[in-house]
Amino acid sequence: MTPQDIYATLEATWPAARLARTGPWAIREGKGGGKRVSAATAEGPWRPDDLPAAEQAMEELGQTPLFLLRAGEEALDATLAGRGYRIVDPVTAYACPAARLAADPPPHMAAFPHWPPLGIVRDLWAEGGIGPARVAVMERAAGPRCAILGRQNDRASGAAFVALHGRFAMLHALEVAPELRRLGSAGAILRRGACWAQEQGAEWFSVVVTSANGPARTLYGSLGMEEVGQYHYRMK
């Protein structure tokens, strides 16, 4: 799975409320759904004097100017830095063949897929800061999708969202109740997500995580997922 596959899968499985073009820029309206669905990206040749148009378009949406920088965009990164934009939330993408995770399925009641999300799943997300605006992002995903409820010690322990883009699947919004962490629930949710994705025809399973999240990155590595790309944001 290449970085370009990651970007396309992220766009399809975690979509903005609206996507428009302003000159060389893709302008995303996030409606409170977070940075991923609110960041502008360069989709064609640009010049420094094209930047004010992107800034104005985002401000007209009531959004703080925010740009997503991908591999190969060092010139834009440097230009934004020179205009006072700071780096926020560097992100690392992980992926592996879906079959690798699906080869070790968890017990059925340890994690099970469903749609629409159960009330307990919405509650778990809300407790972790994943509120209605981000659930609305999930509801916009056009391909096969599911919520996954994890269970540990006869309790609802965690939740996640998985969606497909062709032969690629991506897991988002992984949340585990603090008192039930480090007991295997997150791993069970990922493995069940890969099982479900493979059943839907996915060949690859992926996830993106802030690079500073050491425990999550350790988990993904322990499951056989590999780093396949990075990106970061810049904002003033």
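A compact table of results
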| read-out | value |
| --- | --- |
| Matching option when the condition is modelled with pLDDT of 95 or more and under 16 Å from the mean Cα position of the chain (by Cα), among Ile6, Ile27 | Ile6 |
| Check on Ser211, touching a Ser or Thr at 6+ places or on another chain (Cβ under 8 Å) and either outside the structural domain of Arg28 (by TED's automatic domain parsing) or of a type in the set (Phe, Trp, Tyr) (or both) | yes |
| Test: Leu171 is closer than 21 Å to Ala102 by Cα and touching a Gly at 6+ places or on another chain (Cβ under 8 Å) | yes |
| Subset of the stretch 106-161 (residues that are basic (Lys, Arg) and farther than 18 Å from Arg182 by Cα) | Arg122, Arg134, Arg140, Arg145 |
| Residue within the stretch 44-67 that is under 30 Å from Gly224 (Cα atoms) and aliphatic (A, V, I, L, M) present | no |
| Residue list for the stretch 18-37, restricted to those being surrounded by 18 or more Cβ atoms within 10 Å (Cβ to Cβ) and aliphatic (A, V, I, L, M) | Ala26, Ile27, Val37 |
| Those residues of the stretch 50-66 which are touching a residue at least 24 places away in the same chain (Cβ under 8 Å) and closer than 18 Å to Ala17 by Cβ, in sequence order | Ala54, Ala57, Met58, Leu61, Gln63, Thr64, Pro65, Leu66 |
| Scan of the stretch 193-219 for residues that are touching a residue at least 60 places away in the same chain (Cβ under 8 Å), in a helix (DSSP H, G or I) and closer than 16 Å to Glu175 by Cα, ordered by number | Gly193, Arg217 |
| The stretch 63-74 - residue that is touching a strand residue (DSSP E or B) at 6+ places or on another chain (Cβ under 9 Å) and surrounded by fewer than 17 Cβ atoms within 10 Å (Cβ to Cβ) and, of those, modelled with the highest pLDDT | Thr64 |
| Residue that is without any contact (Cβ under 8 Å) to a residue 24 or more places away in the chain and of a type in the set (A, V, I, L, M, F, W, C), where the choices are Ala26, Ala95, Ala20 | Ala26 |
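The values are calculated or read from the model by the stated rules, or taken from the named source; none is laboratory data. Note that the structure is predicted; figures quoted are calculated from it, not measured. So basically every Cβ, Gly included, is an ideal-geometry build from the backbone, and we count neighbours across all protein chains shown.
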